[in-house]
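Undergrad: Sharing a structure below in structure tokens format, with a few things to ask.
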């Protein structure tokens with residue numbers, strides 16, 4: 001199964017649309033979002049443009065969490081908010097998700113998960129800790145450089161960082 005992994009959109013709608021197109025082209029079945037939509041607008045866009053489930057955790061830049069939860073409950077059944085962290089199972093692969101690198105590293109070190117995904121620092125990274133894939137997909141925003149996201153393969157427990165080519169409204 002191919003899973004899209006993204007983080008730190010910070011309202012970059014052009015980058016988000018490009019990412020969703022890439023996911024569609026690559027037959028991504030579900031998305032895991034590691035926090036920081038900022039406003040509810042990117043969540044609304046994701047919910048309407050992506051057909052599969054979108055598992056979300058909150059980041060420090062998700063100001064109106066109530067509005068995000070209300071959006072998911074009232075308009076988009078495919079948006080699933082798990083709170084500050086999530087533990088998910090796909091095809092027998094257990095994945096932990098959080099926004100923060102410190103917690104992600106601690107989770108990866110436990111040996112309880114096949115993969116741990118996080119965001120927050122806007123730096124794309126694929127590493128291994130004690131046999132656990134430790135992934136930061138980077139940022140859709142493009143503040144620290146390229147707009148990036150990732151695709152995770154549950155069969156091989158590997159991830160690929162993907163550059164999002166069109167980020168015309170990225171903020172620098």
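Read-outs: derived from the displayed coordinates by stated rules, not from any lab. Note that the structure is a prediction, hence the values are computed from the model and not measured.
Undergrad: Which percent of Cα-Cα pairs in the chain sits in each 10 Å bin, short to long?
TA: Here the calculated profile for the chain is 11, 45, 37, 8, 0.
Undergrad: Next question. Mind checking the angle between helix 65-74 and the chain's longest principal axis? C-alpha axes, 0 to 90 degrees, to the nearest 10.
TA: 80
Undergrad: Once you have the Cα-Cα distance between residue 125 and residue 14, take 0.36 nm times their residue separation minus that, and quote the gain in nm to one decimal.
TA: Numbers: separation 111, 0.36 × 111 = 39.96 nm, distance 2.27 nm.
Taking residue 125 through residue 14 to full extension adds about 37.7 nm, to one decimal.
Undergrad: Can you give me the C-alpha center-to-center distance between segment 1-40 and segment 86-115, rounded to a whole angstrom?
TA: 19
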